Amino acid sequence: MKFKFVKSISIMLVVLFCTAAVCSAAGTQYFYDGAWHPYSGNPFRLNVGGEQLSPEMPPIVFEDYSVVPARDVFQTLGAEVKWNAASETVTVSMTGKTVKLKINSKIATVNGEAISMPIAPKLING
């Protein structure tokens, strides 16, 4: 059961309700891991529960996964989202579950239990 929940959270982080948009991202760069990186992929439109979101940081493809802004997606779904800048940790609470995601770590915790994710969350463009 916990694996299914974590898998769902992981999927939400990387592909939740993303729909490809036909537009060019030529010349786009994103700042993460202490440096600027060119981005040649296409941005996406982000739809959550039938509502199109327009987050400050657009969804992108990163390491072959569609990555979406966690706060925008989870808050739209009704979750409480907290950011701890000192520890670079996102805490998402919803339906009796608490998920903690640390920037650049593939290990998340669900109600205190460590779970492995396919890619690590990134802090992109702040």
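These residues, T109, T95, go from largest to smallest accessible area, 1.4 Å probe, as T95, T109.
Within the assembled protein chains, the solvent-accessible surface assigned to K100 is about 100 Å², based on a 1.4 Å probe. Measuring nothing but how far apart in sequence close Cα pairs (under 8 Å, 6+ apart) lie, relative to its length, region 38-105 scores a relative contact order of 18 percent.
Projecting label points 7 angstrom from Cα along Cα→Cβ for Q29 and T98 puts them 4.0 nm apart. In region 28-126, the portion of solvent-accessible area held by carbon and sulfur atoms comes to 49 percent [1.4 Å probe, whole percent, DNA, RNA and ligands not counted].
Go ahead and run the numbers for FRET between E113 and L77, Cβ-Cβ distance against an R0 of 22 Å, rounding to 0.05. Result of the calculation: an efficiency of 0.55.
The values are calculated or read from the model by the stated rules, or taken from the named source; none is laboratory data. Since we're looking at a predicted model, the values are computed, not measured. We place every Cβ from the backbone using ideal geometry, glycine too, and count neighbours over all the protein chains shown. Keep in mind that these areas ignore ligands, DNA and RNA; they rest on the heavy atoms of the full protein, side chains included. Shrake-Rupley method; radii C 1.70, N 1.55, O 1.52, S 1.80 Å.
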